[in-house]
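Encoded as structure tokens, the structure appears first; notes follow it.
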Amino acid sequence: MIQLRRRAALGLLAAPVFSPALRAQEAWPSRGLRFIVPVAAGGSADAQARFVAQRLQDRFGQPVVVENRPGANGIVAAQAFLQTPADGHTVFATPSGPIAINPHLYRRLPYDPFRDFAFASLISVIPLVLVVHPSVPATNLQEFLALTRRMGDQLKFASAGIGTPSHLTIAMTRAMGQGGEATHVPFGGSAPALTSMVAGQTMAMWDAAFSAAPFVRDGRLKAIAVAHTDRLALLPEVPTTVEQGVPGLISATWMSLCMHAATPADRVRRFSAEVDGILRVAELREMLAAQGAIVRGGTPEEFAAFARAESAKWGRLVQETGATAD
């Protein structure tokens with residue numbers, strides 16, 4: 001009898017113990033998820049976050065709420081995100097700026113993306129398009145670059161603001177020895193910059209196709225080049241920089257999903273795999289193509305490597321321009 005009791009006790013010790021914490025970990029997500037987005041509702045980044053959120057809700061059987069927290073180039077949203085628990089239930093749905101540009105633009109940034117974030121999923125890349133006022137006497141990229149060298153600072157180049165991809169792509173062109181010393185005219189966003197071009201106050205701008213395409217279609221602006229290896233479905237008639245003999249001129253913003261760096265790795269990996277499955281859905285690919293974006297996806301490791309390369313690239317250009325935001 002004593003021997004049987006000992007065996008029973010040993011059996012209990014050998015059996016797996018399912019604590020509440022372990023059960024919660026296995027059941028993830030055990031409640032709804034929240035996407036914190038650092039831009040206002042209505043734009044391409046917001047639309048992509050909402051599409052993925054809806055599909056994740058269907059897959060997980062849990063609500064996924066999108067919360068827009070615009071302000072300070074994404075710093076407001078990043079701080080709000082980092083104040084939440086690192087349990088995989090809050091996601092930072094962010095464009096490239098807060099990850100790849102802010103660390104170089106701000107001397108006292110209250111976060112470090114490569115310390116504080118787990119890079120879960122790269123949703124898409126959004127190549128920039130060179131658009132010019134119809135009066136600009138150039139029909140292709142080589143003619144435009146020659147024009148900038150002739151005009152120098154008389155050519156006014158608009159941007160969405162200091163330190164934005166549209167600004168830094170001007171510097172990229174110059175750093176490659178391809179463009180002249182044009183005058184940079186920064187605005188507080190893409191919309192006012194495009195408005196200034198339509199009015200003839202500025203002459204050129206690198207911008208996302210999503211916002212520039214309506215002006216190109218109705219003839220108020222003309223598109224010269226897409227800063228990518230492949231043409232865009234949104235503007236299929238516009239040749240790429242590669243096609244036009246400037247293969248190094250590749251510039252894009254991007255949309256991504258990050259978790260806390262302290263989030264359990266299995267949750268990050270499962271989340272990434274679920275998003276990767278969503279990115280294979282034809283409806284999403286069509287939606288992104290209509291916004292001038294290209295689907296990416298991939299593993300967390302691939303996204304992390306991409307983010308580091310992008311940060312290094314934009315950091316060099318911030319240094320080149322001397323841009324600061326504080």
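The values are calculated or read from the model by the stated rules, or taken from the named source; none is laboratory data. The shown structure was predicted, so the numbers you read here are calculated from the model rather than taken from an experiment. Note that we place each Cβ from the backbone using ideal geometry, even for glycine, and neighbour counts take in every protein chain shown.
Observations on the structure shown:
- In region 42-55, the residues that are of a type in the set (Val, Ile, Thr) form Cβ pairs under 7 Å with partners that are outside any helix (DSSP H, G or I), at six or more places apart or across chains, as follows: Val52/Ile123.
- Complete set of residues in region 69-108 that are within 17 Å of Phe303 (Cβ to Cβ), within 16 Å of the chain's Cα centre (by Cα) and part of a loop (DSSP other than H, G, I, E, B): Ser96
- Within region 54-100, considering residues that are touching a helix residue (DSSP H, G or I) at 6+ places or on another chain (Cβ under 7 Å) and among the small types (Gly, Ala, Ser), the one farthest from Ala307 (Cα to Cα): Gly88
- Total residues in region 81-116, condition in contact with a Pro (Cβ under 9 Å, 6 or more places away or on another chain), over 20 Å from Gln48 (Cα atoms) and among the hydrophobic types (A, V, I, L, M, F, W, C): 5
- When Arg285, Arg308, Arg267 are checked against the criterion of being free of Cβ contacts under 8 Å to residues at least 12 places away in the same chain and assigned to a helix (DSSP H, G or I), Arg285 stands alone in meeting it.
- Filtered residues of region 227-261 (kept if out of contact with any helix residue (DSSP H, G or I) (no Cβ under 6 Å at 6 or more places or on another chain), surrounded by fewer than 23 Cβ atoms within 10 Å (Cβ to Cβ) and under 18 Å from Thr94 (Cβ atoms)): Ala252, His260
- Residue in region 125-136 that is part of a strand (DSSP E or B), small (Gly, Ala, Ser), outside the structural domain of Trp314 (by TED's automatic domain parsing) and at negative phi present: no
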